[in-house]
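A.B. asks: Following this message is one structure expressed as structure tokens.
Here, each number is a calculation from the coordinates, and none is a lab measurement. Quick caveat: nothing in here was measured; it's all calculated off a predicted structure. Virtual Cβ from ideal backbone geometry, glycine too; neighbours counted across all protein chains shown.
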Amino acid sequence: MVVDDAARGRGVAGLLIEEALGIARRAGARTVDLTSRPDRAAANRLYERLGFRARRSTVYRRTPG
């Protein structure tokens, strides 16, 4: 999810995440995972304020070919 620069700092991201969590809850999801680059410090602080906790994981990516 990306919030337009003009709307940042107004709580839009938090509202969007809370809505997504509500949808997940109503659908019966037991957990919700998200990924974020370590250099996105503000976003990572937001996720922690919203109750997300960092997990140890390894992400792999490959381009085809």
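A.B. asks: Based on the alpha carbon coordinates of the chain, what radius of gyration and maximum Cα-Cα distance (Dmax) apply, in Å?
C.D. replies: 14.0, 43
A.B. asks: Along the positive direction of the dipole of the chain (beta-carbon charges: Lys, Arg +1; Asp, Glu -1; about the Cα centre), which of S57, M1, A24 reaches farthest?
C.D. replies: Positive-most Cα among the choices belongs to S57.
A.B. asks: Another question, then. Given Cβ point charges of +1 (Lys, Arg) and -1 (Asp, Glu) and nothing else, what value in debye, to the nearest 20, does the dipole of the stretch 1-58 about its Cα centre take?
C.D. replies: For the stretch 1-58, the charge dipole is close to 300 debye.
A.B. asks: What trypsin sites (Lys or Arg not before Pro) in the chain are in a loop by DSSP, with at most 16 other Cβ atoms within 10 Å of the Cβ?
C.D. replies: Qualifying residues, ordered by number: R8, R10, R30, R40, R53, R55, R56, R61, R62.
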